[in-house]
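Structure record follows, encoded as structure tokens.
Read-outs: derived from the displayed coordinates by stated rules, not from any lab. These figures come from a predicted structure and were not determined experimentally. A quick note on method: Cβ atoms are made from the backbone with ideal geometry, for glycine too, and the neighbour counts reach across all protein chains shown.
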């Protein structure tokens with residue numbers, strides 16, 4: 001099982017077992033290595049961005065309720081993953097088995113964490129956009145392998161688990177002109193969370209964060225390595 005020690009399965013005592021994995025072709029037009037995670041609840045299709053010289057840390061990138069791989073800001077995730085792979089951070093993008101079903105998607109994320117951990121990644125930064133923000137925060141509740149969390153234009157439903165994230169660092173990002181999930185969602189999650197926490201709001205940006213794409217990319221390229229490598233230095 002992927003749960004052990006102090007980790008607990010999601011509500012309703014749901015659980016998932018990762019039974020194997022195998023390579024598969026990546027979808028046309030996508031970068032990264034296609035990987036299928038075989039689990040007790042069905043297959044999870046992923047794209048792995050493998051660091052040529054891994055540093056023991058990785059990113060897990062969760063999309064919104066519609067599923068897919070690309071993430072916000074016109075496919076920010078593949079660019080972020082490729083650029084950070086050159087700095088030693090592997091990344092995994094995964095497609096939900098049952099998009100928009102929170103408990104099932106959290107289980108998908110936890111199976112993905114288990115897979116990254118099996119590759120030698122002991123510190124994982126999870127990033128989630130919209131519905132994926134709740135997936136990221138809920139998944140972090142159940143495993144300490146997740147060492148840092150970032151929400152991008154997150155919903156509040158399911159994000160209540162942020163109260164259990166500390167002392168792991170949190171970054172909350174939101175567009176001030178988001179009409180799908182208003183910026184009040186960011187304020188609410190920030191209020192729920194304990195330190196260490198940061199909040200970055202982008203004026204003029206909507207739910208997809210396209211208007212601030214470069215600024216967001218620059219922020220994540222700096223924040224994620226800084227937090228994950230700082231944790232490694234603290235353990236040394």
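Things worth noting here:
- Inverse of mean 1/r across different Cα pairs in the chain, Kirkwood, Å: 17.3
- Stretch gain in nm, segment residue 164-residue 15, where the contour uses 0.36 nm per residue and the Cα spacing is subtracted: 51.7 nm
- The stretch 156-201: C-alpha gyration tensor shape, a/c 1.5 cut-off, then a/b vs b/c: oblate
- Mean projection area, nm², convex hull over Cα of the stretch 56-142: 5.0
- Label-point gap, in nm, between residue 22 and residue 184 - each point 7 angstrom along Cα→Cβ: 5.0
- Between residue 221 and residue 177, the simple spin-label model (points 7 angstrom out along Cα→Cβ) gives 2.5 nm.
- Considering all C-alpha pairs of the stretch 1-130, those separated by over 20 Å amount to 40%.
- As a proxy for reagent exposure, ranking 97, 50 by other Cβ atoms within 10 Å from fewest up yields 50, 97.
- Calculated diffusion of the stretch 101-236, Stokes-Einstein form, Kirkwood radius summed over Cα pairs, 4 °C and 1.567 mPa s, µm²/s: 87
- Relative contact order for the chain, counting Cα pairs under 8 Å that sit 6 or more residues apart, in percent: 16
- GNM top mover of 118, 138, 154 - the chain, alpha-carbon springs below 10 Å: 118
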